[in-house]
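Throughout, read-outs are computed from the coordinates displayed, never taken from laboratory work. Here the structure is a predicted model, which is why all the values come from computation and not from measurement. All Cβ positions, even for glycine, are placed from backbone atoms using ideal geometry, and neighbour counts span all protein chains on display.
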Amino acid sequence: MKFTVAAVFAALALMGASPVGAGPNAYGICQSGCNKVAVACHAAGGLQFGTVLAAAALATIIACNPALEGC
């Protein structure tokens, strides 16, 4: 499955549309899902998540970071 940056942002927009209160297990599942989206977002830009230094931040990473922070 190939992800595009636009599809990743659309998915995050839908996820953030209705916040729900839940326990620690649900929080962990949510964070795992957000991290999977971040990995897909970086991969869509041809990068590997967690291996790019801040000094080498590209436009793709700059676009992906707010999506991950939203979680």
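Remark: the stretch 26-35, residue by residue, has Karplus-estimated 3J(HN,Hα) of 5, 4, x, 5, 4, 5, 4, x, 5, 5 Hz, where x stands for each Gly or Pro and the curve is 6.51 cos²θ - 1.76 cosθ + 1.60 at θ = phi - 60°. Modelled spin-label separation between Ala43 and Cys71, with each label point placed 7 Å from Cα along the Cα-to-Cβ direction: 1.3 nm.
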